[in-house]
Structure formats: C-alpha cells, structure tokens
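These notes concern the structure reproduced below.
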Amino acid sequence: QVQLVESGGDLVQPGGSLKLSCTASGGAFRINSMAWYRQPPGKQRDLVATITSDNRTDYADSVKGRFTISRDHGKRMVYLQMTSLQPEDTAVYYCHADISFGDFGPGGNYWGQGTQVTVSS
C-alpha cells in the first residue's frame with residue numbers, strides 16, 4: 001500500500017513564492033525517481049520537474065530558473081520550491097513517484113491527489 005500526499009498549495013500574488021511538499025507512506029517500498037506535474041484549468045497534466053534516486057534534476061522550460069525540486073530520501077519526501085510565480089503557473093500540482101517493492105513485487109507509478117496553486121493579484 002502506497003500513499004502520496006501533497007501540501008503547501010495556496011493563493012499567492014504574482015512574484016511571490018511557495019514551497020510544495022509531498023510525503024510517501026504506506027509500507028515497505030523504495031522510491032526511484034520522483035516528480036511534480038501540474039494541470040492548469042482546462043488543460044492537460046504536464047511534467048514540471050523530476051528528480052532521480054541520485055538527485056539529478058530536470059525541469060520544464062517554463063519553470064527553469066524559478067522552480068527547484070529536491071528530496072529527502074530518509075523522510076520519503078519531495079519538495080518543489082517555486083519563486084517568481086506568475087498567473088500562468090496557476091494549476092493543481094501533483095506529486096508522482098516511481099516505486100519498487102524489491103522481492104515482493106514489480107512496483108509501479110503512484111500519484112498524489114494534488115494541491116491547488118493560484119497566482120493572482
């Protein structure tokens with residue numbers, strides 16, 4: 001059993017900052033890569049940032065230089081620090097994890113339920 005829970009979404013003015021958190025829980029598993037996705041109103045869910053098991057990162061062009069993804073392996077958490085937020089960043093932000101169960105199963109991909117980020121004046 002795996003559960004991902006996001007937190008930190010809020011209403012913020014343009015130019016502001018937010019830090020999102022995601023915690024993985026629910027049993028014995030190992031996390032490989034983790035990622036943040038977002039889905040603006042009326043649009044598809046798109047990849048924002050990824051982080052591997054050895055902390056290598058990648059970002060969508062739209063957030064490079066503004067967002068930073070990081071993780072705490074011991075706490076099974078991933079974070080997204082967002083700065084210089086703009087109205088175009090308004091979306092539901094989703095946490096994703098690629099999980100392995102070792103000898104107990106093949107693992108898979110898991111999603112959180114999302115947290116709302118609204119950037120508006």
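Tabulated values for the structure
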{"item": "Counted residues, the range 34-53 - those being surrounded by 13 or more Cβ atoms within 10 Å (Cβ to Cβ) and within 19 Å of Gln116 (Cβ to Cβ)", "result": "10"}
{"item": "Hits in the range 93-121 - residues which are free of Cβ contacts under 8 Å to residues at least 60 places away in the same chain and open to solvent by 30 Å² or more (accessible area, probe 1.4 Å)", "result": "Asp103, Pro106, Asn109"}
{"item": "Close pairs from the range 59-76: first outside any strand (DSSP E or B), partner β-branched (Val, Ile, Thr), Cβ under 7 Å, at least 6 apart", "result": "Ala60/Val48; Val63/Val48; Arg66/Thr83; Arg76/Thr23; Arg76/Ile31"}
{"item": "Among the candidates Arg71, Arg56, residue that is open to solvent by less than 50 Å² (accessible area, probe 1.4 Å), more than 21 Å from Pro106 (Cα to Cα) and modelled with pLDDT of 95 or more", "result": "Arg71"}
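The values are calculated or read from the model by the stated rules, or taken from the named source; none is laboratory data. The shown structure was predicted, so the numbers you read here are calculated from the model rather than taken from an experiment. Counting neighbours? That spans all protein chains shown, and the Cβs are built from the backbone with ideal geometry, glycine included. These accessible areas exclude ligands, DNA and RNA; they are computed on the full protein's heavy atoms, side chains included. Shrake-Rupley method; radii C 1.70, N 1.55, O 1.52, S 1.80 Å.
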